[in-house]
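Report on the structure given below.
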Amino acid sequence: MDLICYLIHFRLNLYSMHRIGLMVMTLIITTSSGLSQSGKDFGRLIESAQDSAQIEELMAKAENVDLTFASKIKLYDLIAQRSKRVGYTRGSASALYKSGLSFYLRNSFDSAELLLKQSADLYFEIGDIEAASFPDFYRSQAFQVRGLHNRGVEVLLRGLEGLKKTNDRFYNSYLRALGEIHRAQNNIQPALNYLNLAVDHAEKLDESTWLAWALNRRGVVYYQDSKHERAKLDLERSMTLSRENNLEYVIDMNLNDLGELYFALKEYERCIQLYELALERDLSESNRMNTYTNIGRLYWQLRDYRNAIDYASKALKMAQETNNLTYIVDAERILAESYMGLGRFKAAAKNYDLYISHYDSLKNVETRRLLAEADIKYQTELKEQEIVNLTEREALERSRKRTYQAGLIGVGALLLIVLFLIWQLFKNKNKIEAQNLELETLNTTKDKFFSIIAHDLRSPMIALQGVGQKLDFFIRKGKQEKLLEMGNKIDESIDRLNHLLNNLLNWASTESGGMPINPQQLQGDELIENTVNLYQSIAESKGVKIEMELSGAEVYGDRNMISTIIRNLLSNAVKFSPESGTVRVNSFELDGYTAINVMDSGKGMGPDQLKKLFDYSASELGSDGEQGFGLGLKLCKEFVKANHGFIEVESKLEEGSVFTIKIPNSFQTLNLAKVA
């Protein structure tokens, strides 16, 4: 993690402070004793309730009492406590659900999730799975908004089978929610599995409203999987059903989603028409944020950077007000890239830093949630103890005795812990020495890493120095050929910098354990062809020919990692091939693996070079003096290993080199590789 911090300029993550502020606000609201006179009168009625019938009557009245948010939360809390005292568990569960839902509707998702969890657990305790589905559904939505997708799936799965037998409406909602969570994580096949079930279930029961929702979500998954025709069919059918049933919210979503589809198809005029239609409607907060973000992205694609900044700023403001981290990240990225397009580099750098910081927060929000949950649980326990002490004086004396006994036990336990630690220090002396040696190795690795940065980052930066003065001179002198040459050099320097930064960030993520791996079935030929297309122009400018011989083989692995491996190997092959040279790329299946060969016609390598090929070191110059970055092959080795594959190299001086990677071609082969 230290290396990633170096790469983002030691910026502090202010978002965590914002979340802590929300938790403090929640504690103040739920522990405040301030009530209006009418609220105090109602509170006395609650304290006098003796059975479930009286509590249910008061619960119904509480919803219609005109009170502030804080006062109503206090009343729900009093009802929950009173229900607990009279042994009415359902009353406590219902009051906690209403409190949690109130916080959810105010976008206070941390507090909402904790209260909704207590409610659902109580319903499960009395065996009412159907009632538990309501707080659990909103819990899953609160998790999803904060990027905690796996937690959302866990919550929904625990009640899914029970709902299938008791509540068709919520069963269908759960299926759609599970599909949406998997879609947000780019798990295409699980998302389609759940949404296909939701579509079939809605059609079987002839529920057009549920069907409109399910078709919309499935259409977005097809769009995300680049199956545009299927996406269009589902979204247009969903739009028809939504209009027939006056589903305004789903209509808004379809307008946005169809807009994104036409954006992908590069039908920009149709795209902006749909977004403008959406903005003319009375959109919900989430749909309006989505529309602003989509329009900002569209204008950025069209290089209309000022309009892109205008709409992205609107989306960012709404996202910050509703604490929606996903939209904050999207808007800040559009702003950064748009400012870069306008040449406002200071503003671009500021927004890039915020984007990286908030993206990191989105990945690490689970840790903060656990800390906040522990803090609120502790505060809740204190509050409950205070209530008991105020109503039952005798409990105070017993509490003092227990505290005294606990103190004695604590002191004794502390002494035992100290003795145990002393014993452990002597016992683990060799282990500590080994850890010190490991730390020294890590420091050495860090020094090598920064030496690579110093060596490889300097060359493209030096190439960019004085560019402004040279351009000014060539323009005034009318030297068009020099301007073209200078433009090519700038492009090359920027490409090298971009390639370096991608490798540095990927490498730092793998070293810190922060790089997620999402294996899936992939078309190997598609990955190879996409990479060759990226480097075709670079190869042509050098006079290098790229030949492909592909077998249609599939691989089972992480798309981003395998693409990075092929990019680095192909980049090196073009780099070290001489003018008029040839680079050959082929693929074939071998014993449950797909092998991909990248062959160059360069100067080759001797035995000494091969021994240290995958170590940290500054790279060799290419055949035209191109400078590399020293991390590419190390990154390839780490990514191949992470995908349970192999990497091999054959090379002789003046005969070129052949790099071969072998990746499992199926889920079954991957499991066998893990066992081996």
Scan of region 193-210 for residues that are open to solvent by less than 60 Å² (accessible area, probe 1.4 Å), touching a residue at least 24 places away in the same chain (Cβ under 8 Å) and more than 22 Å from Gly259 (Cβ to Cβ), ordered by number: Ala198, His201, Ala202, Ser208, Thr209, Trp210
Pairs with Cβ under 7 Å, 6+ apart, first in region 131-157 and touching a residue at least 40 places away in the same chain (Cβ under 8 Å) and closer than 19 Å to Asn323 by Cα, second among the polar types (S, T, N, Q) and in a helix (DSSP H, G or I): Gly147/Thr326
Residues of region 561-598 satisfying the condition of being open to solvent by 40 Å² or more (accessible area, probe 1.4 Å), farther than 24 Å from His644 by Cβ and not small (Gly, Ala, Ser): Phe576, Pro578, Glu579, Arg584
Asp110 modelled with pLDDT of 85 or more and either part of a helix (DSSP H, G or I) or surrounded by 23 or more Cβ atoms within 10 Å (Cβ to Cβ) (or both): no
Restricting region 46-78 to residues that are open to solvent by 50 Å² or more (accessible area, probe 1.4 Å) and in a loop (DSSP other than H, G, I, E, B), the residue that is nearest to Arg106 (Cα to Cα): Thr68
Residues that are surrounded by 21 or more Cβ atoms within 10 Å (Cβ to Cβ) and among the β-branched types (Val, Ile, Thr), drawn from region 161-185: Ile181
Number of the exception - Pro190 against (1) within 20 Å of the chain's Cα centre (by Cα); (2) farther than 18 Å from Leu156 by Cβ: (2)
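Would you call Ser133 more than 21 Å from the chain's Cα centre (by Cα), more than 22 Å from Gln81 (Cβ to Cβ) and surrounded by 24 or more Cβ atoms within 10 Å (Cβ to Cβ)?
yes
Take the conditions of a type in the set (D, E, K, R), closer than 21 Å to Ile126 by Cβ and at pLDDT 80 or above and apply them to Lys84. Does it pass?
Considered against the rule, which asks whether it is of a type in the set (D, E, K, R), closer than 21 Å to Ile126 by Cβ and at pLDDT 80 or above, Lys84 comes out as yes.
How many residues are over 20 Å from Tyr275 (Cα atoms) and open to solvent by 50 Å² or more (accessible area, probe 1.4 Å) if we restrict to region 304-325?
Taking region 304-325 as the starting set, the residues that turn out to be over 20 Å from Tyr275 (Cα atoms) are 320-325.
If we keep only those that are open to solvent by 50 Å² or more (accessible area, probe 1.4 Å) as well, we get 320-321.
Total meeting the criteria: 2.
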Options Leu215, Leu192, Leu197; residue that is within 20 Å of Ile251 (Cβ to Cβ), at pLDDT 90 or above and in a helix (DSSP H, G or I): Leu215
Residue match in region 348-355 (condition: under 23 Å from Leu105 (Cα atoms) and open to solvent by 40 Å² or more (accessible area, probe 1.4 Å)): no
Elements of type helices (runs of 4 or more DSSP H) in region 238-324, at least 1 residues being within 21 Å of the chain's Cα centre (by Cα) and under 26 Å from Ser226 (Cβ atoms): 248-264, 285-301, 305-322
Single residue of region 512-557 satisfying the filter (free of Cβ contacts under 8 Å to residues at least 60 places away in the same chain and in a strand (DSSP E or B)) that is most open to solvent (accessible area, probe 1.4 Å): Glu549
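Residue-by-condition table, conditions (1) surrounded by fewer than 15 Cβ atoms within 10 Å (Cβ to Cβ); (2) in contact (Cβ under 8 Å) with a residue 24 or more places away in the chain; (3) in contact with a Cys (Cβ under 9 Å, 6 or more places away or on another chain):
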position: Leu235; (1), (2), (3): no, yes, no
position: Thr240; (1), (2), (3): yes, no, no
position: Met289; (1), (2), (3): no, yes, no
position: Leu302; (1), (2), (3): yes, yes, no
Cross-chain or 6+ apart pairs with Cβ under 7 Å, region 328-357 first and touching a residue at least 24 places away in the same chain (Cβ under 8 Å), then open to solvent by 60 Å² or more (accessible area, probe 1.4 Å) and outside any loop (DSSP other than H, G, I, E, B): Ile328/Gln320; Val329/Tyr359; Glu332/Leu354; Ile334/Arg297; Ile334/Trp300; Glu337/Trp300; Ser338/Trp300; Tyr355/Arg333
Extreme residue, farthest from Gly524 (Cα to Cα), among residues of region 644-663 that are in contact with a Leu (Cβ under 8 Å, 6 or more places away or on another chain) and of a type outside the set (Lys, Arg): Ser651
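Scan region 142-160 residue by residue and report those that are among the polar types (S, T, N, Q) and crowded, with 19+ Cβ neighbours inside 10 Å. So that I can check it myself, show each step before the final result.
As a first pass, look at region 142-160 and keep what is among the polar types (S, T, N, Q): 144, 150.
Of everything in region 142-160, just one residue is among the polar types (S, T, N, Q) and crowded, with 19+ Cβ neighbours inside 10 Å, namely Gln144.
The values are calculated or read from the model by the stated rules, or taken from the named source; none is laboratory data. The shown structure was predicted, so the numbers you read here are calculated from the model rather than taken from an experiment. When we count neighbours, we look across all protein chains shown, and the Cβ atoms used for this are built from the backbone with ideal geometry, even at glycine. Calculation scope for accessible area: heavy atoms of the full protein, side chains included, ligands and nucleic acids excluded. Shrake-Rupley method; radii C 1.70, N 1.55, O 1.52, S 1.80 Å.
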